[in-house]
1. Would you tally the residues in region 68-93 being assigned to a loop (DSSP other than H, G, I, E, B), touching a residue at least 60 places away in the same chain (Cβ under 8 Å) and either touching a Phe, Trp or Tyr at 6+ places or on another chain (Cβ under 6 Å) or among the charged types (D, E, K, R) (or both)?
2. Can you tell me which residues in region 12-22 are over 16 Å from TYR112 (Cα atoms) and buried (at least 16 other Cβ atoms within 10 Å of the Cβ)?
3. Specify which of the listed residues (ASN3, ASN83) is within 13 Å of the chain's Cα centre (by Cα), surrounded by fewer than 20 Cβ atoms within 10 Å (Cβ to Cβ) and at pLDDT below 95.
4. Taking PHE37 as meeting all but one of (1) within 21 Å of TYR87 (Cβ to Cβ); (2) modelled with pLDDT of 95 or more; (3) crowded, with 16+ Cβ neighbours inside 10 Å, write down the number of the exception.
5. Take PHE65 and decide whether it is in contact (Cβ under 8 Å) with a residue 12 or more places away in the chain and within 14 Å of the chain's Cα centre (by Cα).
6. Condition test on SER96, is it in a loop (DSSP other than H, G, I, E, B), surrounded by 15 or more Cβ atoms within 10 Å (Cβ to Cβ) and modelled with pLDDT of 95 or more?
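The values are calculated or read from the model by the stated rules, or taken from the named source; none is laboratory data. This one's a predicted model, so the numbers in the text were calculated from it and none came from an experiment. Here Cβ is always computed from backbone atoms with ideal geometry, including for glycine, and neighbour counts include all displayed protein chains.
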Amino acid sequence: MKNEKHIVIAAIAAQQQGRVVSHIYDYSQSKYVLVNFSSPIGSKHIHMFDYGRNSYVVGTLPSVFDYASGSYINMHIEGNRFNGYDYESNSHFSGSVNGGMVNIFDYQQGKYFNFGV
């Protein structure tokens with residue numbers, strides 16, 4: 001899965017946990033990416049703008065459409081844990097939100113990615 005997709009997943013996961021998300025810090029690239037949600041915090045209706053790719057991610061969980069890649073992401077959230085499937089890369093992911101940290105395991109790459117919100 002592309003790293004840009006990790007950022008989208010991290011932003012949605014944190015927003016679903018009640019966090020006000022305006023940017024994501026990507027530890028693997030040591031950079032901030034701005035995002036903007038026009039959907040209410042915790043709402044299953046996602047309407048997010050990803051400034052890193054100048055594109056929208058919209059839909060109703062568990063299924064959102066990523067306009068930048070032209071593909072869907074399925075994402076199931078239970079408590080602070082989540083898992084899902086990225087249709088662009090045909091791969092699974094899972095992770096958790098702990099405070100201001102989001103950890104994602106990308107099954108295609110076989111490793112963890114960490115993000116700060």
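1. Within region 68-93, the first condition is being assigned to a loop (DSSP other than H, G, I, E, B), and the residues that meet it are 68-70, 79-80, 87-90.
Checking the rest, the ones that are also touching a residue at least 60 places away in the same chain (Cβ under 8 Å) come to 68-69, 80, 88-89.
Filter once more, keeping what is either touching a Phe, Trp or Tyr at 6+ places or on another chain (Cβ under 6 Å) or among the charged types (D, E, K, R) (or both): 88.
Counting residues in region 68-93 that are assigned to a loop (DSSP other than H, G, I, E, B), touching a residue at least 60 places away in the same chain (Cβ under 8 Å) and either touching a Phe, Trp or Tyr at 6+ places or on another chain (Cβ under 6 Å) or among the charged types (D, E, K, R) (or both) gives 1.
2. Looking only at region 12-22, we keep the residues that are over 16 Å from TYR112 (Cα atoms), and these are 12, 14-22.
ILE12, ALA14, GLN15, GLN16, GLN17, ARG19, VAL21, listed by residue number.
3. On the way: ASN83 fails: at pLDDT below 95.
Of the residues listed, the single one that is within 13 Å of the chain's Cα centre (by Cα), surrounded by fewer than 20 Cβ atoms within 10 Å (Cβ to Cβ) and at pLDDT below 95 is ASN3.
4. (1)
5. Working: in contact (Cβ under 8 Å) with a residue 12 or more places away in the chain: no; within 14 Å of the chain's Cα centre (by Cα): yes.
No: the conditions fail for PHE65.
6. For SER96, the condition - in a loop (DSSP other than H, G, I, E, B), surrounded by 15 or more Cβ atoms within 10 Å (Cβ to Cβ) and modelled with pLDDT of 95 or more - is not met.
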